[in-house]
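Notes to accompany the following structure.
The values are calculated or read from the model by the stated rules, or taken from the named source; none is laboratory data. This is a predicted model, so every value here is computed, not measured. Here the Cβ positions follow ideal geometry from the backbone for every residue, glycine too, while neighbour counts run over all protein chains shown. These area figures cover heavy atoms from the full protein model, side chains too; ligands, DNA and RNA do not enter into them. Shrake-Rupley method; radii C 1.70, N 1.55, O 1.52, S 1.80 Å.
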Amino acid sequence: MEMPETEPTATKRQVWNAGRTVGAKRALKPKQIWEIRFYLNQHRRLRDRALFDLAIDSKLRGCDLVQMKIGDIVSGGQIRTRAIVMQQKTGRPVQFELLSDTRGSLLAWLERRGGTVDDYVFPSRVDHNGHLSTRQYARLVDEWVTGVGLMRSDYGTHSLRRTKASIIYRATGNLRAVQILLGHSKIENTVRYLGIDVEDALALAENTEI
């Protein structure tokens, strides 16, 4: 006698992204950048202000940002106007600019932090010989954005990497320049990273008169 087939009882598991907004994180707008800077200054978070400014100017991935050493940004007792680091993900060097606001906040932080050219710019508070972890960096970004009233689910460490690149692209339409600044090996990666679509392309075309 055949027994009726029964469907196995599936164990219900909560999916990892339940209740979360997934997908590309938003870039910050110039007004939001200054709101975060004001927030960090107001709360006297010297290290965080330097970290935030460096993240915006460098356009680096979090793993590269937290491992920067003082010697990467300092020369002859001065903050460099340009720096270069080797990317962990691609193994390729990428160069970036350090503007006056960033140089000022970095100098203020390093004067308090001390250290040598071989020390990390942002040391770990747990292991003083190590660097700030990417997880702690992500937690700090969460604090910054929520501190100025933004939704934490909409922003992350890649928001800071994407911010200046997006502003440059919107202002110039020069995709190749943005590719170089982000250190992407393929321009297709830059297109995907910036979230460029047909509307963006048409908007640039409409603003170009011949």
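Tell me which residues, restricted to the stretch 83-101, are in a strand (DSSP E or B) and touching a Pro at 6+ places or on another chain (Cβ under 8 Å). Hits for the stretch 83-101 are I84, V85, M86.
Kindly indicate the residue of the stretch 157-196 that is part of a loop (DSSP other than H, G, I, E, B) and on the phi < 0 side of the Ramachandran plot and also most open to solvent (accessible area, probe 1.4 Å) among those meeting that condition. So, considering only residues that are part of a loop (DSSP other than H, G, I, E, B) and on the phi < 0 side of the Ramachandran plot, the one most open to solvent (accessible area, probe 1.4 Å) is K186. In the stretch 175-192, the residues that are within 13 Å of R161 (Cβ to Cβ) form Cβ pairs under 8 Å with partners that are of a type in the set (F, W, Y), at six or more places apart or across chains, as follows: V178/Y169; L181/F96; L182/Y193; H184/Y193. Within the stretch 82-94, can one find any residue that is within 18 Å of the chain's Cα centre (by Cα), within 23 Å of V145 (Cβ to Cβ) and either in contact (Cβ under 8 Å) with a residue 60 or more places away in the chain or surrounded by 14 or more Cβ atoms within 10 Å (Cβ to Cβ) (or both)? Within the stretch 82-94, none of the residues are within 18 Å of the chain's Cα centre (by Cα), within 23 Å of V145 (Cβ to Cβ) and either in contact (Cβ under 8 Å) with a residue 60 or more places away in the chain or surrounded by 14 or more Cβ atoms within 10 Å (Cβ to Cβ) (or both). Applying the set (1) at pLDDT 95 or above; (2) closer than 22 Å to S166 by Cα; (3) surrounded by 18 or more Cβ atoms within 10 Å (Cβ to Cβ); (4) touching a Lys or Arg at 6+ places or on another chain (Cβ under 9 Å) to R26 leaves exactly one unmet item: (1).
What number of residues in the stretch 86-120 are over 24 Å from Q179 (Cα atoms) and among the polar types (S, T, N, Q)? Number of matching residues: 2. Among the residues of the stretch 100-142 satisfying the criterion of being over 15 Å from the mean Cα position of the chain (by Cα), surrounded by 13 or more Cβ atoms within 10 Å (Cβ to Cβ) and among the aliphatic types (A, V, I, L, M), which is nearest to C63 (Cα to Cα)? The qualifying residue nearest to C63 (Cα to Cα) is V121.
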